[in-house]
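One structure is given below, encoded as structure tokens.
The values are calculated or read from the model by the stated rules, or taken from the named source; none is laboratory data. If you're wondering where the values come from, they're calculated on a predicted model, not measured in any experiment. Cβ: placed from backbone, ideal geometry, glycine included. Neighbour counts: every protein chain shown. Ligands, DNA and RNA are excluded from the accessible area calculation, which covers all protein heavy atoms including side chains. Shrake-Rupley method; radii C 1.70, N 1.55, O 1.52, S 1.80 Å.
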Amino acid sequence: MLWVAEPALQASLLELPLGGFITPASAELPVAAGVLALHGPRDEGVVQPGDVIALTPGSPVVRVLYRRGSDSNLLFMTDRCNSLCLMCSQPPKDVDDRWHIEENLRVIDLMDPQEENIGISGGEPTLYREGLLTILRKCKDVLPHKSIHVLSNGRTFKDPSWIEALTQVDHPQLSWGIPVYADNPTDHDHVVQAPGAFSETLQGLYNLARAKQVIEIRVVLSQLTTPRLPELAHYVFRNLPFVRHVALMGIESTGLARKHYDELWIDPLDYQEHLTQAVYFLSNRGLPVSIYNLPLCLVPAHLARFARQSISDWKNLFIDDCKDCAAAEHCSGFFKSHTTRWQSRGIQKLTTQAFEAYAGSAQ
Ligand code: SF4
């Protein structure tokens, strides 16, 4: 689409072979019926040159499918899932939404071939197996410089035919983020609300390893997962030696997590000790580990070097307490869904002096 700020140019512009026009509120462009036109978007920065958007005739909604230069771009595969995790931020829907596959293939054609990361997520993306494999092949062909990180619960990979399929795709920069929530089936299956899931995910992880895939283990930190976090770190190190990275992640207080607040919520101050044990156990044995989604003031200063600014730009928030905090530029802050109910008693702005202890750890 073309952004048209000067209505005087309309006659010549309307001849161009464009998908449509965007005009500011002050400059209406009378376009013929059937020509797509977005007039007076509330946020004029909603679309930037190079972005990929989807518009529906007759609807004011602009769906931004790709932001040029952002590392938060995501190809959304499906709302369907074969698990029902207690803290799922996007509760699954039982729908046939294969149209996402076609849309993603079209978006890939329109993306810039730069070195940004792309995520692939759902729902459970592997439920549309052939669609996912087609997308991975296309990413390899069209966007070879972009690294791809797919979020999956890993359960469908228990089917060994994935080994051959992924070996054939042979994407040079593909990695998988797979959650393991406990060192035992009872606890893991309870978190994901799916009997047998732990066993399937473990089989899946071994099959991914056989296919020489790059694997990250993801753990959402909650009242259910933190009591045995050190044991889980041991389990991953002993049983999954092929894992390349472990991400220990603060919870996102949205979706099903709100419904299960009483079962999930634990103040991060109350699991600092177990977090510390798990991080050093893995790190001291050469397994890279990161802490995602936790405000810096809730991470002990000596763990600051493991903390990442991990929350996607479009859902990141800083609250009033963060005003004048010396750590603000280095802190992951909060999800936009944050509410006081999910706020730790430990949130406090850091003075320059206090932040120096964090910065010293990060070096
Ligand atoms: S107070 Fe500072 S360290 Fe704490 S969440 Fe806000 S910006 Fe981050």
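For the chain, modelled as a GNM whose springs connect Cα atoms under 10 angstrom apart, the maximal fluctuation among Thr225, Thr351, Thr201 occurs at Thr351.
Of the whole protein surface, Ser199 contributes about 60 Å² of accessible area at a 1.4 Å probe radius.
Determine the gain in length on full extension of the stretch Gln348-Phe242; use 0.36 nm per residue of separation and subtract their C-alpha separation, reporting nm with one decimal.
Difference between extended and current length: 34.3 nm.
Between Gln277 and Asp43, what's the calculated FRET efficiency when r is the beta-carbon distance and R0 is 45 Å? Round to 0.05. Efficiency computed from Cβ-Cβ geometry: 0.50. Simple rule: put +1 on each Lys or Arg Cβ and -1 on each Asp or Glu Cβ in the chain, find the dipole, and look at Pro49, Ala233, Val150; the Cα lying farthest toward the positive end is Ala233. Rounded to the nearest Hz, the phi-derived 3J(HN,Hα) couplings of the stretch 138-155 under the Karplus curve 6.51 cos²θ - 1.76 cosθ + 1.60 (θ = phi - 60°) are 5, 4, 4, 6, 9, 10, x, 8, 8, 7, 10, 10, 9, 8, 8, 7, x, 5, where x marks glycine and proline. A Gaussian network model of the chain, with springs between Cα atoms under 10 Å, assigns the largest mean-square fluctuation among Trp162, Trp99, Trp342 to Trp99. When the Gaussian network model of the chain links Cα atoms closer than 10 Å, the mean-square fluctuations of Ala182, Ala54, Ala304 top out at Ala54. Close amide H partners of Trp3, meaning residues 5 or more places away or on another chain with modelled amide H under 5 Å apart, are Ile22. Sequence-ordered 3J(HN,Hα) estimates for the stretch 239-246 from the Karplus curve with 6.51, -1.76 and 1.60 and θ = phi - 60° stand at 9, 10, x, 7, 5, 9, 7, 10 Hz, glycine and proline given as x. The calculated FRET efficiency for Arg106 paired with Asn82, based on their beta-carbon distance and R0 = 25 Å, is about 0.40.
Pairs of lysines in the stretch 204-363 whose Cα atoms sit within less than 18 Å of one another amount to 4, provided the residues are eight or more positions apart or on different chains.
The Cα-based radius of gyration and maximum Cα-Cα distance (Dmax) for the chain are 22.6, 69 Å. Magnitude of the charge dipole for the chain, about its Cα centre and with charges confined to Cβ atoms of Lys, Arg (+1) and Asp, Glu (-1), is about 660 debye. Near the amide H of Leu65, within less than 5 Å, lie the amide hydrogens of Val52, Ile53, Ala54, all on another chain or at least 5 residues away, with H placed in the peptide plane.
Could you state the angle between the C-alpha long axis of helix 352-362 and the longest principal axis of the C-alpha atoms of the chain, as a value from 0 to 90 degrees rounded to the nearest 10? Between the helix axis and the principal axis of the chain, the angle is about 80 degrees.
Once backbone amide H atoms are built at 1.01 Å from N, Arg218 has Ile178, Val180, Ala247 as its partners under 5 Å, excluding neighbours fewer than 5 places away on the same chain. Rounded to the nearest Hz, the phi-derived 3J(HN,Hα) couplings of the stretch 120-131 under the Karplus curve 6.51 cos²θ - 1.76 cosθ + 1.60 (θ = phi - 60°) are 10, 8, x, x, 10, x, 6, 5, 9, 3, 5, x, where x marks glycine and proline.
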